[in-house]
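Only the coordinates and a few stated rules stand behind these numbers; no lab work does. Just so it is clear, the structure is predicted and the values come from calculations on it, not from any experiment. Cβ: placed from backbone, ideal geometry, glycine included. Neighbour counts: every protein chain shown.
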Amino acid sequence: MKNLFIPLAALAFAVSAQAQTITYFNDTFEGTGSTVNNDTVSDTDIAWFSRGNATITVITDSFAGDGGTKALGINPAFGGVVYLGSFDSDVSDNRPGTGGSADDSRVTLGSTVGEYLSLTMDFHFRAAPDASSGFFFGLYGDPTGFVNADNTGTATDDATGYYVRITNSGNAGLFRDGSGTGTILSGGTALGTSTGGSISDQSKHSLELRITRTATGADVEYFLDSTPFALGSDSSPLTSFNLVPIKNDTSTTNYSIDNVVLRAVPEPSSFVMLLGGLGMMALLRRRLSA
């Protein structure tokens, strides 16, 4: 019976490998000399660029929630300024064009039902928001290339993806931007609206956009401070991503983001299989010892 431990151990190892969460990037904007472009401070960073004639900087911000003191500071000069976080699927160095076996390949949603991609970040307004203050963030894929410079203009207009619009009051919106035309983070098809989900203060908030594979396509969800506020279904889901776009609404209220993370999370049954296999091993061990 001791020979049974070998296949059970192999099963547990295989399922454990399958069930492992993959963190594609975790950008905390920390480190001496940290920059917003393709810096060399950390291989878990991604590259940040402005879409138009605007600038972004790493600032000292007391709201930073990672035990550090830095965040990405946005001081928009006018409404609707788009900034882009650019990445690839190389978990050892996910800044496009900087090397690695997976360099310049896109992150894709898994094909197994229950698997999901989770984009999270911390956010806060650095000044009191007014009635037109708001924030957009999303997960997009550009089919023709990777952003690697500021002032890209219309180069990302062919990108498609999902985004959340957070307002100062009322309900947040969840959208599918699948046309591949026009400015990203605008237009598209509404997937769901929430009852609430707005931000009207200067406190730090955690945001999440989650895309989960289903038997009929994908579910797309928006979470504010770990509470789900909007859910929509897409029967023809977008599954390939290499951009994290963000922008302000019509107001020019200053804001910051920090701890921007993208993870691929396996479907839950993989964990159940792993626990079941380990339980069987423990039971057999006890019986053999008796």
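At-a-glance table
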quantity	calculated
Estimated FRET transfer efficiency when R0 is 45 angstrom, pair ALA127-SER235 (beta carbons, to 0.05)	0.65
Three-way shape call for segment 114-225 based on the alpha-carbon gyration tensor, with the a/c threshold at 1.5	oblate
Dipole magnitude (debye, nearest 20) for segment 103-144, charges at Cβ of Lys, Arg, Asp, Glu	140 debye
Whole-number percent relative contact order across segment 160-228, with pairs defined as alpha carbons under 8 Å at least 6 apart	27 percent
Net charge over other residues, Cβ less than 15 angstrom from the Cβ of PHE135 (K, R count +1; D, E count -1)	-3
